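J.: This structure is in structure tokens; I'll ask about it shortly.
Where a number appears in this text, it was derived from the coordinates with a stated rule and is not lab data. Here the structure is a predicted model, which is why all the values come from computation and not from measurement. FYI the Cβ positions are ideal-geometry reconstructions off the backbone, even for glycines, and counts take in every protein chain you see.
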Amino acid sequence: MRPNNRTDSRRSRRGLLPTLFFVITLACVLSLVAVERAKAREDIAGWDQTRWGMTAAAIDPLYAPKIRPVDPPIDYGPSQATRVLQGLDFAGFAWRALLQFDREKQGLLQVMLERGRLPYAPKAFEAAMAELEALYGAPDLICDSPKSGASAQYRERVWRLATTSIHLVFLDIGGGELQYNVFDWPPNPLEQAWPQRFHGRGSYPQRLLIRYHPTARADLFLPGCGR
């Protein structure tokens with residue numbers, strides 16, 4: 001008796017169908033999980049519990065009793081910082097958060113986490129970089145000052161998400177020329193360029209900050225780094 005090759009072939013195909021169905025289903029599930037994770041990492045609606053455009057009166061209850069008024073407010077051109085949170089932990093280091101509000105609409109325009117004349121700034125920069133990469137992936141923009149002929153260094157990493165953009169900035173002014181006036185940071189973003197300025201050694205050794213702002217506000221990106 002000859003073997004029934006057609007019957008064996010049909011049985012073989014029937015046996016493969018459940019396996020193929022399982023593989024296709026698993027691939028779809030994994031794709032959906034990957035998409036959901038990507039969506040979760042792609043965007044944030046604001047800094048921490050805040051949302052862009054919120055008033056100081058709406059934000060105060062979220063952080064009471066730790067939030068404090070800034071008196072007098074710190075001028076940042078189109079905005080002014082009127083609220084501050086001290087002693088925040090991010091990536092294992094202490095920061096203060098300055099909440100800046102639009103002058104006209106009085107809505108939250110930018111949040112700036114900063115470390116001033118404090119030790120371990122390079123280590124804090126690397127720790128913050130690792131934390132931000134773990135949350136949002138590789139930065140979209142890398143903007144560094146030229147290293148030739150000057151000891152002053154400027155390093156910026158930008159995560160440009162759909163709603164919110166994040167800037168990690170490290171200024172190391174050991175002495176030398178830098179395009180920015182670090183005593184008036186951040187530079188006025190309405191300007192197109194800044195002249196080179198000389199900073200004497202030790203005049204402002206290091207500064208580290210993280211800026212959060214709405215991505216739609218193109219004027220808050222610095223020339224050559226997102227604008």
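J.: For Arg227 and Ala162 in one chain, what is 0.36 nm times their gap in residues minus the Cα-Cα distance, to one decimal in nm?
T.: 21.8 nm
J.: Now for a different question. Modelling each spin label as a point 7 Å along the Cα-to-Cβ direction, I'd like the Glu131/Asp144 distance in nm, to one decimal.
T.: 2.3 nm
J.: Which ³J(HN,Hα) values in Hz, rounded to whole numbers, follow from the phi angles of the stretch 211-218 under the Karplus curve 6.51 cos²θ - 1.76 cosθ + 1.60, where θ = phi - 60° and Gly and Pro get x?
T.: 9, 10, 7, x, 5, 5, 7, 4
J.: Val70's amide H: which non-local residues (gap 5+, or another chain) put their own amide H closer than 5 Å, with H modeled 1.01 Å from N in plane and none for Pro or chain starts?
T.: When sequence neighbours closer than 5 places are left aside, the close amide H contacts are Arg83, Val84.
J.: What does the charge add up to near Arg83, with Lys and Arg as +1, Asp and Glu as -1, over the other residues with Cβ less than 13 Å from its Cβ?
T.: Neighbour charge sum, excluding Arg83 itself: 0.
J.: Quick one: Karplus J couplings for the stretch 57-64, per residue in order, coefficients 6.51, -1.76, 1.60, θ = phi - 60°, nearest Hz, x for Gly and Pro?
T.: 5, 7, 7, 3, x, 5, 10, 5
J.: Also: What does the charge count around Leu99 come to, taking other residues whose C-beta lies under 15 Å from its C-beta (Lys +1, Arg +1, Asp -1, Glu -1)?
T.: +2
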